[in-house]
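Visitor: Please find one structure pasted underneath; my questions will follow.
The values are calculated or read from the model by the stated rules, or taken from the named source; none is laboratory data. Note that the coordinates shown come from a computational prediction; the quantities given were computed from them, not determined experimentally. Here the Cβ is made from the backbone with ideal geometry for all residues, glycine too, and neighbour counts use every protein chain on show.
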Amino acid sequence: MLAEMSRAKVMGTGSYIPEAVLTNRDLEKVVDTSDAWITRRTGIKERRIATEGMNTSDMAAAAALEALGSAELEAGDLDLVVVGTVTPDRQFPSCACVLQEKIGALRAASMDVSAGCSGFIYALSVANNAIRCGEANHALVVGAEVLSGVTNWTDRGTCVLLGDGAGAVVLSRTEDDTGIRSIHLRSDGSFGNLLYSVDQCEDRPGPGVLPDMSALKPYYLVMDGQKLFKKAVECLEEITLWTLQRAGVDVSEISLMVPHQANIRIINALAQRLGLNTDKVYTTIEKYGNTSSASIPMALNEAAKGGRLAPKDKLLMVTFGAGLTWGASLVEWSI
Ligand code: COA
């Protein structure tokens, strides 16, 4: 009975932003592109690239430790670790288990969630449900990606968009009237052809037959940008309106929207459709590009630490990504 009345509230946030900066000017030397084109079509000026040898779990651990510090909790307090990522260190064990070991969250159950760029909101939903149903008191939710490792650096249509990074939040059970007010997820696999990975498995001769290892291609992503753009704006608007309705919150009450950072034109189109003033929209795309599952928690940490959120503020997070997947959450801020 107690569990049914509980909510999950955000206790702390953290992020890891790789030091190495790759500017649009740098990319002009890699592919046939220009700073003017990238800026006008996407809003991106530069992105961060992980140091060679740095894995997703390393960045996730740095973000997680910052989030735990601001929550004033220890890793040993965590009951659950959920990582949204499309670039786990390896297929298995999960990035979350590697992370759990790195930070010493030895009591936690750990798992990855694969939902394209929606990984963080999907992971947040998993943790929210675990807390609400009484399975966890404290949960770590991470979005972390080393996209530079899966980028086709000869494809100007995608390589200019992506960056690396990690973000994390700590959720705790509360009986207060704050925290996650609503969270909703959607997917439609019939649009899977708009954004997908081409990976080693496609070169495999078949189950039980060893592939020629020297012929394996690295895993990289393929995208139909124009179709994805249109679908994204529709999906983002639909899920936002539904999430607000379920939370009983009007657009005019939103204090801050932290959307997935894929393209500034997508973000602006969404804000315009919602009738939300751009000063209520938090963007980091100009600095970090699209960091997939990491983009929302990275931006959220920056917004929170930069004084853009106060207790009782109504925060909207909204995302879309490969799958297609999309989702949104309305959170009453609590720190
Ligand atoms: N630099 C210069 N020119 C480029 C370029 C680049 N980096 N990338 C593509 N172009 C060219 C194309 O070849 C095309 O040339 P053409 O007209 O001679 O054929 C032209 O620019 C227009 O390409 P198009 O793909 O129609 O551009 P666009 O306005 O749709 O912008 C994206 C491309 C990728 C920026 C945009 O479609 C987008 O952001 N889509 C959504 C992507 C997304 O959100 N992905 C992540 C999902 S989580």
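Visitor: Yes or no: ASN137 free of Cβ contacts under 8 Å to residues at least 40 places away in the same chain and over 22 Å from LEU228 (Cα atoms)?
Guide: For ASN137, the condition - free of Cβ contacts under 8 Å to residues at least 40 places away in the same chain and over 22 Å from LEU228 (Cα atoms) - is not met.
Visitor: Counting just the residues of the range 107-128 that are free of Cβ contacts under 8 Å to residues at least 40 places away in the same chain and more than 20 Å from ASN55 (Cβ to Cβ), which one comes out surrounded by the most Cβ atoms within 10 Å (Cβ to Cβ)?
Guide: Among residues in the range 107-128 that are free of Cβ contacts under 8 Å to residues at least 40 places away in the same chain and more than 20 Å from ASN55 (Cβ to Cβ), the one surrounded by the most Cβ atoms within 10 Å (Cβ to Cβ) is ALA109.
Visitor: Restricting the search to the range 8-53, which residues are under 21 Å from GLY143 (Cα atoms) and basic (Lys, Arg)?
Guide: LYS9, ARG47, ARG48
Visitor: Now for a different question. Mind listing whichever residues of the range 1-37 are modelled with pLDDT of 95 or more, among the acidic types (Asp, Glu) and either farther than 17 Å from GLU66 by Cα or surrounded by 15 or more Cβ atoms within 10 Å (Cβ to Cβ) (or both)?
Guide: If the condition is that a residue be modelled with pLDDT of 95 or more, among the acidic types (Asp, Glu) and either farther than 17 Å from GLU66 by Cα or surrounded by 15 or more Cβ atoms within 10 Å (Cβ to Cβ) (or both), then ASP26, GLU28, ASP32, ASP35 are the ones that fit.
Visitor: Looking at this structure, is PHE120 within 27 Å of GLN261 (Cβ to Cβ) and of a type outside the set (A, V, I, L, M)?
Guide: yes
Visitor: Which of the numbered conditions does ARG90 fail, given that it passes all the others? Conditions: (1) buried (at least 24 other Cβ atoms within 10 Å of the Cβ); (2) without any contact (Cβ under 8 Å) to a residue 12 or more places away in the chain; (3) not aliphatic (A, V, I, L, M).
Guide: It is condition (1) that ARG90 fails.
Visitor: What is the one condition in (1) surrounded by fewer than 17 Cβ atoms within 10 Å (Cβ to Cβ); (2) within 30 Å of ALA75 (Cβ to Cβ) that ARG41 does not satisfy?
Guide: Looking at each condition in turn, ARG41 falls short on (2).
Visitor: In the range 157-190, how many residues are assigned to a loop (DSSP other than H, G, I, E, B) and either away from the ligand (no atom under 15 Å from the Cβ) or in the same structural domain as ALA50 (by TED's automatic domain parsing) (or both)?
Guide: Residues flagged as assigned to a loop (DSSP other than H, G, I, E, B) and either away from the ligand (no atom under 15 Å from the Cβ) or in the same structural domain as ALA50 (by TED's automatic domain parsing) (or both) within the range 157-190 amount to 7.
Visitor: Also, quick follow-up: When you scan the range 25-36, how many residues do you find that are in contact (Cβ under 8 Å) with a residue 24 or more places away in the chain and within 9 Å of the ligand (Cβ to nearest atom)?
Guide: Result for the range 25-36: 4.
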